[in-house]
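A short write-up of the structure that comes next.
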Amino acid sequence: MHRLQDPRRDQGAAGAGLIPGAGSYCGRFAPSPTGPLHFGSLLAALASYLDARAHGGRWLLRVEDIDPPREQPGASRSIIASLRAHGLHWDGPVCYQHTRGAAYDEALDVLERKGLLRRCYCPRRILGPDGACGGRCGGNGEGPAALRVRVDPAWPTAFEDRIQGHVAATQLPEDFVVRRRDGLYAYQLAVVVDDQAQDISDVIRGADLLSVTPRQRYLQACLGYASPRYGHCPVLLGGDGRKLSKQNHAPPLDDRRAAANLRLALELLGQASPPATAATPSALLEHAVRHWAPAALAGTAALAGERLYPPAGIS
């Protein structure tokens, strides 16, 4: 079994020179164009934006459009329009993942040369709930194959999360997919390669992605990348107790109510209330950046949205 060195560079910081406030902070918001932004998306985007601006850093926008079967026509334009309406302006051009195939292939080549890839011919119907194949893919090597990265079960998965605190060691899932049988690149590979290419120092995103962070940190170690610092902010739950999501038909943001949406989002994030005179998105964000307090979210993984604001607040 190939053993990876323990990557201690990201314990407490994302490596020398990447500590917030040191002048090299770079954050990002990376939505998938599977539908318009909803209120839960706004919380994640706002937390990421405020953290970057409060540290004098850059904030980038990346559209994760590498899964055409799941994408909704016009969703990218809708997402961009909603961010602009809410005053969440990013630095530089938008990065579209569908243009990044050459970089993903290069990363796969690196993994191949290190002996860290294996081919899996298992059809979806025999895979476990987490996509595991149970090692049943010796087969005859016929037909399309997925590429899986070989997992070192001894690799240390515990890490420090800026919002959730210490995340205890868990066992990595068995060899996970980095390129699908249909030839599409897996999210885990694309996000790691792009975070490295864009010099992302801090990733602030929803707590629903906390469980996949060890896989991404493992891939970073495989590819020789330093890990960014992670902070997982709470997700917003709907009236049914499930996370608000496009898959759960969360209502889209009403861009005409941008200022009201931002006020409500800041309240949900436990931030200081802007003065009544802050009536525009730019004024609200200016106040929020000056008073950004991520400690208000410490240890909180979910927010019960239905008891914090009326249903009209997300319609």
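The values are calculated or read from the model by the stated rules, or taken from the named source; none is laboratory data. Keep in mind that this is a model prediction, so the values were computed, not measured. Glycine gets a Cβ as well: all are built from the backbone with ideal geometry, and neighbour counts include every protein chain shown. We work out accessible area using only protein heavy atoms, side chains counted, and drop any ligands, DNA or RNA first. Shrake-Rupley method; radii C 1.70, N 1.55, O 1.52, S 1.80 Å.
Listing for the model above:
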read-out: Region 192-219-region 248-280 distance, computed between alpha-carbon centres (Å); value: 26
read-out: 12 Å beta-carbon shell around ILE204, net charge (K/R +1, D/E -1); value: +2
read-out: Heavy atoms of ASP105: accessible area, 1.4 Å probe, square angstrom to 10; value: 60
read-out: Cut-off 15 Å between beta-carbons: net charge of the residues surrounding ARG256, Lys and Arg +1, Asp and Glu -1; value: +1
read-out: Solvent accessible area, Å² - GLU174, 1.4 Å probe, full protein context; value: 60
read-out: Spin-label model distance (nm) - GLU286 vs LYS114, 7 Å beyond Cα toward Cβ; value: 4.7
